[in-house]
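Below: one structure, written as structure tokens.
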Amino acid sequence: MQTSILNDKKAPYCPGCGHTVITHTIDKALAALEINPLDVVAVSDIGCCGLVDGLLNCHTVHGLHGRSVALATGIAYGLNHPGKKVLVIQGDGGATIGLQHLMEAARQNLDLTLIVQ
């Protein structure tokens, strides 16, 4: 089983940027949970957090600003599979604009993970 969700591409972030730390922490967490990267769908937003798409060895979807949780909601319902993990990676602006979508996903008790960078 492939254990790292990261490919061998160089991170495009500025030196000292926290996005690099968060990206590597996501990788470590998924490895510790023994989640196969092919069982992950990562939905990203615009901005620097959206650059993560090119670094991941999993299914990725790049959403619109503030709509990544709404997109992930559709993916979670479409997958309807407990072994698959839906991961949303957003910046603070996208998370604020899309707060209504997050509240609705929580109300529906969807199994998705949101990381705000």
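The values are calculated or read from the model by the stated rules, or taken from the named source; none is laboratory data. The model shown is predicted, which means the values in this text are computed figures rather than measured ones. Glycine gets a Cβ as well: all are built from the backbone with ideal geometry, and neighbour counts include every protein chain shown.
Points to keep in mind about this one:
- The set of residues in the stretch 52-71 that are assigned to a helix (DSSP H, G or I), free of Cβ contacts under 8 Å to residues at least 40 places away in the same chain and not polar (S, T, N, Q) comprises Val52, Asp53, Ala70, Leu71.
- Leu110 being hydrophobic (A, V, I, L, M, F, W, C), buried (at least 20 other Cβ atoms within 10 Å of the Cβ) and not in a strand (DSSP E or B): no
- Within the stretch 34-57, one or more residues are at pLDDT 95 or above and of a type in the set (Gly, Ala, Ser).
- Residues that are part of a helix (DSSP H, G or I) and in contact with a Gly (Cβ under 9 Å, 6 or more places away or on another chain) are absent from the stretch 15-37 altogether.
- Considering residues of the stretch 38-47 that are out of contact with any Asp or Glu (no Cβ under 9 Å at 6 or more places or on another chain) and buried (at least 16 other Cβ atoms within 10 Å of the Cβ) only, the residue farthest from Leu87 (Cα to Cα): Ile46
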